[in-house]
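The values are calculated or read from the model by the stated rules, or taken from the named source; none is laboratory data. The structure presented is a predicted model; accordingly, all values stated were derived computationally and were not measured. Neighbour counts run over all protein chains shown; Cβ positions are idealised from the backbone, glycine included.
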Amino acid sequence: MILNTWGKRLALITLLFMGSLACSTTSNLFVAQATLIPSRTPLPTFTPFPDATETAVPTITTTPAPTKSPTATARPATPKPTAAPKVVVPTTPPQPVLSSMEFHVNPATCSHSGLTFIKFIVYLNKSDPSQRYQGAIVALGPPDGSTIYDIILSEWNGEYTFVLGDAGKARPGNWGVWLVTPSRVRKSDIGGPIVTNDLPADNPKACWAGGVDFWK
């Protein structure tokens, strides 16, 4: 019984001691907390966000990128004109202008001979040399036809001949020949001039024998 009482006492003392120890610990904890934990700073006032409203999405206009101008092609330099090569065009001898006369003449010829004379042929058709004019009246005179020195008739073969000097003897002069009608009206162009001289045979300019052809 006595042990029982002491046991209870011991348990009570132990309980009190432990309670005292717990209080002390609690008190110290509160003090520590009061010392270490600073006073709490109030948070700033929370401002609520405004309600979300539908905002119109701005229309985005797409600006096309500027088109790059094509690079201008440099204009080639204009070549300087070059002189065209000279083309040599063969020329034909000028054709004589035909008169209104019935008969025309060929250019006169002349060469050296042992006798001074003028002769040749009268043709009726220039395209047919076989057609000769027999009996044509041929006049001799100056190159302008102003005077008739002599008249002869062409022979059967159309040839005519004016003998101007003796054999071996020169007779210089300036002559013309033409055809006339029986009334002495000129009906052909004037052949010549034929300029006879007394140059020797070895001179290329010697003129003793002249000639003119007539043709229709």
Subset of the stretch 119-140 [buried (at least 16 other Cβ atoms within 10 Å of the Cβ) and farther than 14 Å from Leu179 by Cβ]: Lys119
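Every residue, every condition in (1) more than 19 Å from Ala206 (Cα to Cα); (2) among the aromatic types (Phe, Trp, Tyr), yes or no:
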site: Ile137; (1), (2): yes, no
site: Gly141; (1), (2): yes, no
site: Tyr149; (1), (2): yes, yes
site: Gly158; (1), (2): yes, no
site: Phe162; (1), (2): no, yes
site: Gly173; (1), (2): no, no
site: Val180; (1), (2): yes, no
site: Arg186; (1), (2): yes, no
Qualifying residue in the stretch 122-132 (condition: out of contact with any strand residue (DSSP E or B) (no Cβ under 6 Å at 6 or more places or on another chain), at pLDDT 95 or above, assigned to a loop (DSSP other than H, G, I, E, B) and closer than 15 Å to Ser188 by Cα): yes
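To keep it simple, each residue is scored yes or no on (1) surrounded by 17 or more Cβ atoms within 10 Å (Cβ to Cβ); (2) more than 56 Å from the chain's Cα centre (by Cα); (3) touching a residue at least 12 places away in the same chain (Cβ under 8 Å).
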position: Asn157; (1), (2), (3): no, yes, yes
position: Leu164; (1), (2), (3): yes, yes, yes
position: Gly168; (1), (2), (3): no, yes, yes
position: Trp175; (1), (2), (3): yes, yes, yes
position: Trp178; (1), (2), (3): yes, yes, yes
position: Ser183; (1), (2), (3): no, yes, no
position: Asp189; (1), (2), (3): yes, no, yes
position: Thr196; (1), (2), (3): yes, yes, yes
Residue in the stretch 193-212 that is part of a loop (DSSP other than H, G, I, E, B), farther than 19 Å from Leu98 by Cβ, out of contact with any strand residue (DSSP E or B) (no Cβ under 6 Å at 6 or more places or on another chain) and of a type in the set (Lys, Arg) present: yes
Of all residues making up the stretch 143-155, the number that are within 24 Å of Lys126 (Cα to Cα) and either among the aromatic types (Phe, Trp, Tyr) or more than 60 Å from the chain's Cα centre (by Cα) (or both): 5
Selection count where residues are assigned to a loop (DSSP other than H, G, I, E, B) and either touching a Lys or Arg at 6+ places or on another chain (Cβ under 6 Å) or closer than 23 Å to Arg171 by Cα (or both), scope the stretch 133-153: 8
